[in-house]
Amino acid sequence: MTDTLKLASRTSRMHASEIRELLKLLGRPDIISFAGGIPDPKLFPAEQFRAAFDTIMSGPEHQAALQYAPSEGYAPLREWLVQYMGRIGVKCELENIVMMSGSQQALDYLGKLFLNPGDTALVTWPAYMGALLAFNPYEPNYDRLAMMGNRSASDFAANAEAAGGEVKFAYMSSDFLNPTGETLTLAQRNRALDLADELDIAIIEDGAYQELRYDGEAIPPIQALDIERCGSINEARTIYCGTFSKTLSPGLRVGWVCARRDIIDRLVMMKQAADLHSATINQMATNQVARACFDAQVAKANAVYRERRDSMLAALAKHMPDGVSWTRPEGGMFIWVRLPEGIDAADLLARSLETEKVAFVPGRPFFADGSNENTLRLSYSCMSSDQIEEGMMRLGRLLRAAMPKVT
């Protein structure tokens with residue numbers, strides 16, 4: 001056999017996730033980790049899931065739970081999701097919901113559905129790293145999406161044509177963006193729709209953190225605003241990606257897409273060609289737990305995360321040196337930190353792990369052009385207030401030592 005096999009050119013765009021690599025540090029007791037954007041496992045509704053699996057496996061549903069199933073997903077859970085989407089302002093029907101193995105699978109499928117090599121995806125600067133990793137194998141170009149910027153639709157289109165393709169979609173998280181924690185205002189959401197209308201493109205709305213709001217008033221999803229404009233979800237251009245990973249359990253890998261019927265039909269065909277269907281027993285259990293305690297579970301998690309966010313904001317204000325700034329999110333799991341120019345967060349992380357035993361995620365991988373090396377992401381979801389205080393003290397000490405070296 002030869003040393004190298006003839007791989008597809010798209011593999012050159014595949015890169016390891018820096019976050020997934022950093023998650024390996026979670027098992028080290030000497031590390032205070034603000035790296036993983038993951039829910040606190042102590043908050044999982046374990047007893048409810050245990051009861052759900054027991055009920056399924058001891059009753060008449062156990063055969064269906066262990067059998068092949070429709071690619072669209074488990075109908076009772078999809079019916080619950082129709083009601084849930086209605087609660088957040090999206091009027092839809094069962095035909096508008098397809099289940100996914102987490103919303104990450106949805107991003108991969110949507111990249112495959114829309115992108116030809118050389119096409120352009122509009123993304124925020126920064127954007128969710130997992131979305132860039134999902135889209136990269138389909139060989140797109142990226143253009144910077146600034147919600148209230150003054151660039152015209154024709155400018156985006158001309159740039160895409162010059163790059164060898166056309167604009168295919170705009171991707172954004174409307175609530176508590178991973179990595180910055182920022183939320184799009186109502187004006188920004190409407191501006192995104194205006195731009196998409198002018199370009200005649202899809203909007204992929206990532207709703208992973210929709211429920212994790214601690215302050216302020218909820219803003220309708222872009223998809224809800226889209227339906228208000230066009231009159232029906234089957235006329236809407238917005239594709240909503242949802243997940244139970246941040247509210248009930250990430251390990252079961254249960255997510256969904258809500259979209260117009262023709263998009264759902266194509267995603268179903270992709271499921272049939274890829275994994276046939278998402279795990280039925282996991283969907284069944286999620287359905288039972290969601291119906292039993294979804295709102296209570298969200299309220300419980302939000303109370304804990306609100307306290308930890310407040311602790312981190314207070315610790316940042318106490319320990320960060322002058323020249324360091326950060327976001328103040330109304331929800332989600334993240335705070336975004338900007339360091340003075342000249343400090344590379346990746347280099348800082350290496351020193352931090354060696355000397356201060358504090359982990360975070362450098363900001364560069366969240367930028368499609370690999371810029372902004374002087375940024376980093378902190379997650380407060382899994383650390384206690386005492387750990388947050390200690391970690392920010394250590395990080396502030398490290399930054400004070402690094403800053404005099406900036407030229």
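This table checks each residue for (1) surrounded by 15 or more Cβ atoms within 10 Å (Cβ to Cβ); (2) not in a loop (DSSP other than H, G, I, E, B).
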| position | (1), (2) |
| --- | --- |
| ALA127 | yes, no |
| ASP143 | yes, yes |
| GLU211 | yes, no |
| GLY216 | no, no |
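Test of understanding: among LEU184, LEU195, which residue is touching a Leu at 6+ places or on another chain (Cβ under 9 Å) and not in a loop (DSSP other than H, G, I, E, B)?
Within the list LEU184, LEU195, the selection yields LEU195.
Within the bounds of the stretch 94-114, is there any residue that is in contact (Cβ under 8 Å) with a residue 40 or more places away in the chain, of a type in the set (Asp, Glu), within 30 Å of ALA290 (Cβ to Cβ) and out of contact with any strand residue (DSSP E or B) (no Cβ under 9 Å at 6 or more places or on another chain)?
Yes, the stretch 94-114 contains a residue that is in contact (Cβ under 8 Å) with a residue 40 or more places away in the chain, of a type in the set (Asp, Glu), within 30 Å of ALA290 (Cβ to Cβ) and out of contact with any strand residue (DSSP E or B) (no Cβ under 9 Å at 6 or more places or on another chain).
Go over the candidates LEU77, LEU66, LEU122, LEU81 one by one and state the one that is closer than 17 Å to ILE263 by Cβ and in contact (Cβ under 8 Å) with a residue 12 or more places away in the chain.
That would be LEU81, the only listed residue that is closer than 17 Å to ILE263 by Cβ and in contact (Cβ under 8 Å) with a residue 12 or more places away in the chain.
Need pairs with beta-carbon distance below 7 Å; first residue more than 23 Å from ALA401 (Cα to Cα) and in a loop (DSSP other than H, G, I, E, B) and within the stretch 324-344, second open to solvent by 30 Å² or more (accessible area, probe 1.4 Å) and of a type in the set (Ser, Thr, Tyr); sequence gap 6+ or separate chains.
GLU330/THR183
So ARG328 ticks every box in (1) within 22 Å of LYS246 (Cα to Cα); (2) in contact with an Asp or Glu (Cβ under 8 Å, 6 or more places away or on another chain) but one. Which box is left unticked?
With (1) within 22 Å of LYS246 (Cα to Cα); (2) in contact with an Asp or Glu (Cβ under 8 Å, 6 or more places away or on another chain) applied to ARG328, the lone miss is (2).
Condition first: open to solvent by 10 Å² or more (accessible area, probe 1.4 Å) and part of a helix (DSSP H, G or I). Now tell me which residues in the stretch 110-121 satisfy that.
Within the stretch 110-121, LYS112, LEU113, PHE114 meet the criteria.
Can you confirm whether the stretch 151-160 contains a residue that is among the small types (Gly, Ala, Ser), under 15 Å from GLY118 (Cβ atoms) and either in contact (Cβ under 8 Å) with a residue 60 or more places away in the chain or in a loop (DSSP other than H, G, I, E, B) (or both)?
No: the stretch 151-160 contains no residue that is among the small types (Gly, Ala, Ser), under 15 Å from GLY118 (Cβ atoms) and either in contact (Cβ under 8 Å) with a residue 60 or more places away in the chain or in a loop (DSSP other than H, G, I, E, B) (or both).
Using the structure shown, decide if ASP347 is open to solvent by 50 Å² or more (accessible area, probe 1.4 Å), assigned to a loop (DSSP other than H, G, I, E, B) and either within 28 Å of PHE44 (Cα to Cα) or not aliphatic (A, V, I, L, M) (or both).
No; evaluated as a whole, the condition is false for this residue.
Across the stretch 354-400, what is the number of residues that are open to solvent by 10 Å² or more (accessible area, probe 1.4 Å), over 27 Å from LYS246 (Cα atoms), out of contact with any Gly (no Cβ under 8 Å at 6 or more places or on another chain) and not small (Gly, Ala, Ser)?
Residues that pass the stated criteria total 9.
What's the number of the only condition in (1) assigned to a helix (DSSP H, G or I); (2) over 25 Å from ALA401 (Cα atoms) that HIS277 fails to meet?
Here HIS277 meets the rest and fails (1).
Hey, can you tell me all the residues within the stretch 221-248 that are among the small types (Gly, Ala, Ser) and crowded, with 24+ Cβ neighbours inside 10 Å?
ALA236, GLY242
Looking at the stretch 289-310, which of its residues are open to solvent by 30 Å² or more (accessible area, probe 1.4 Å) and over 30 Å from PHE53 (Cβ atoms)? Write out each step before concluding.
The initial filter retains those residues of the stretch 289-310 that are open to solvent by 30 Å² or more (accessible area, probe 1.4 Å), namely 291-292, 295-296, 299-300, 303-304, 306-308, 310.
Answer for the stretch 289-310, where residues must be open to solvent by 30 Å² or more (accessible area, probe 1.4 Å) and over 30 Å from PHE53 (Cβ atoms): ARG306, GLU307, ASP310.
When you scan the stretch 250-279, how many residues do you find that are surrounded by 20 or more Cβ atoms within 10 Å (Cβ to Cβ) and without any contact (Cβ under 8 Å) to a residue 24 or more places away in the chain?
Residues meeting the conditions: 0.
Of the residues in the stretch 311-329, how many are within 18 Å of THR180 (Cα to Cα), touching a helix residue (DSSP H, G or I) at 6+ places or on another chain (Cβ under 9 Å) and buried (at least 18 other Cβ atoms within 10 Å of the Cβ)?
Residues in the stretch 311-329 being within 18 Å of THR180 (Cα to Cα), touching a helix residue (DSSP H, G or I) at 6+ places or on another chain (Cβ under 9 Å) and buried (at least 18 other Cβ atoms within 10 Å of the Cβ): 8 in total.
The values are calculated or read from the model by the stated rules, or taken from the named source; none is laboratory data. Here the structure is a predicted model, which is why all the values come from computation and not from measurement. So basically every Cβ, Gly included, is an ideal-geometry build from the backbone, and we count neighbours across all protein chains shown. We work out accessible area using only protein heavy atoms, side chains counted, and drop any ligands, DNA or RNA first. Shrake-Rupley method; radii C 1.70, N 1.55, O 1.52, S 1.80 Å.
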